[in-house]
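Presented below is the structure to which this report refers.
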Amino acid sequence: MYLTWFGHSCVLLSGTKKILIDPFIEGGRLSHTKPDFVVVTHGHADHMGEAVTLKRKTVAITEIAKFLKAKGVPAESLNIGGTIELQGVTFTMTPAMHSGRIEEAGRGYGGGTAAGFVIGMDGVSVYHAGDTGLFSDMKLIGELYHPNVALLPIGGRFTMGPNEAMIAANYVGAKLVIPIHYNTWDKIVQDPLKFKNAVERTTDIEVKILKPGEKIEINA
Ligand code: ZN
């Protein structure tokens, strides 16, 4: 399986299928990625992004799925703790400590609660934490789903910062951690190298800092 980070929280998993998670990039267009599935972790604009215009089969929490269906997007709903399988890919919705209102043109809709996802494809398990603070049940995500990779926010202010994400990396226990949700804007500026060094000095976990658009191979 290949993993491409487009910046912010937007990640494309390419294997048997193509899965685009949180389809938002600053000033960007993601239609070229032609995903089989889109995954939305919560209703905030920097995560819903192009979900409506992409109009792909979209996996999201019940409230967001209803919102998307009303806009003509073929959405698949699930909720925290649940798993669905679509064309050989498994999508498990995990908790996240964050808010989840859908923002749209100055208005707002209840978007249910924010979530993370564990996605299983081609024998590889990927945990995308979404936007979240640190919570100790991340240990359960490790115990239950044994992710090979964990995508963890490190930007601070709206999510975990590097210190909390260090503990999160230990709780989840994935051998590879990729920091996300930082340096998109002034309010979430962080030095990912400090995070990488701190994690790698104290654990066996590898931290890979990706450049926007960079693609890496992920093995089980
Ligand atoms: Zn958010």
* Give me the net charge of Thr16's neighbourhood, meaning all other residues with Cβ under 12 Å from the Cβ of Thr16; Lys, Arg count +1, Asp, Glu -1. => 0
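Give me the percent relative contact order of region 2-210, please, defined on Cα pairs under 8 angstrom at least 6 residues apart. Walk me through the intermediate numbers first.
Working: 518 pairs, mean separation 28.2, N = 209.
Relative CO of region 2-210 lands at 13 percent.
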* **Share antiparallel - DSSP beta bridges, region 2-210, percent rounded to 5** => 55
* Enumerate by residue number the GluC sites (Glu not before Pro) in region 1-94 meeting two conditions: DSSP loop (anything except H, G, I, E, B), and at most 14 other Cβ atoms within 10 Å of the site's Cβ. => Glu26
* Descending semi-axes in Å of region 58-154, equivalent ellipsoid built from Cα gyration tensor -> 24, 17, 10
* Asked: Taking K and R as +1 and D and E as -1, what net charge do the other residues with C-beta under 10 Å from the C-beta of Pro74 add up to?
  -> +3
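Rounding to the nearest 20 debye, state how big the charge dipole of the chain is about its Cα centre with +1 on each Lys and Arg Cβ and -1 on each Asp and Glu Cβ. The partial results should precede the final answer.
Values: 22 positive and 22 negative charges, 95 e Å.
It works out to roughly 460 debye.
Counting Lys +1, Arg +1, Asp -1, Glu -1, what net charge surrounds Asp36 among other residues with beta carbon under 15 Å of its beta carbon? Write down the numbers at each step before the final one.
Values: positive: Lys17, Lys18, Lys34, Lys55, Arg56, Lys57; negative: Glu76, Glu85, Asp122.
With Lys, Arg at +1 and Asp, Glu at -1, the net is +3.
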* For helix 192-202, what angle does its Cα long axis make with the longest principal axis of the chain, in degrees from 0 to 90 and rounded to 10? -> 50
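Expressed as a whole percentage, what fraction of the accessible surface of the chain belongs to carbon and sulfur atoms when a 1.4 Å probe is rolled over the protein heavy atoms?
Roughly 50 percent of what the probe reaches on the chain is carbon or sulfur.
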* Normalised per residue, the volume of the convex hull around the Cα set of region 134-191 (Å³) -> 68
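Express the accessible area of region 2-210 per residue in Å², computed with a 1.4 Å probe while the remaining protein chains stay in the model.
Details: 8740 Å² over 209 residues.
Result: 42 Å² per residue.
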* To do: Report, to the nearest 10°, how far helix 162-172 tilts away from the longest principal axis of the Cα atoms in the chain, using its own Cα long axis and a range of 0 to 90°.
  => 80
* To do: Once you have a ≥ b ≥ c as the square roots of the Cα gyration tensor eigenvalues for region 33-85, tell me rounded if a/c is under 1.5, and otherwise prolate or oblate according to whether a/b is larger than b/c.
  => rounded
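Compute the length gained on full extension between Trp185 and Glu76: take 0.36 nm times their separation in residues and subtract their Cα-Cα distance, giving the result in nm to one decimal.
Numbers: separation 109, 0.36 × 109 = 39.24 nm, distance 3.12 nm.
Stretched out fully, the Trp185 to Glu76 stretch lengthens by 36.1 nm.
With a/c under 1.5 counting as rounded, go ahead and sort region 1-134 into rounded, prolate or oblate using the C-alpha gyration tensor (a ≥ b ≥ c being the square roots of the eigenvalues; past the cut-off, prolate if a/b is larger than b/c, else oblate).
Numbers: a/c = 1.39, a/b = 1.21, b/c = 1.15.
In terms of gyration-tensor shape, rounded.
The values are calculated or read from the model by the stated rules, or taken from the named source; none is laboratory data. Just so it is clear, the structure is predicted and the values come from calculations on it, not from any experiment. Cβ coordinates were reconstructed from backbone atoms using ideal geometry, including for glycine residues, and neighbour counts include every protein chain displayed. Protein only, heavy atoms only, side chains kept; ligands, DNA and RNA dropped before computing areas. Shrake-Rupley method; radii C 1.70, N 1.55, O 1.52, S 1.80 Å.
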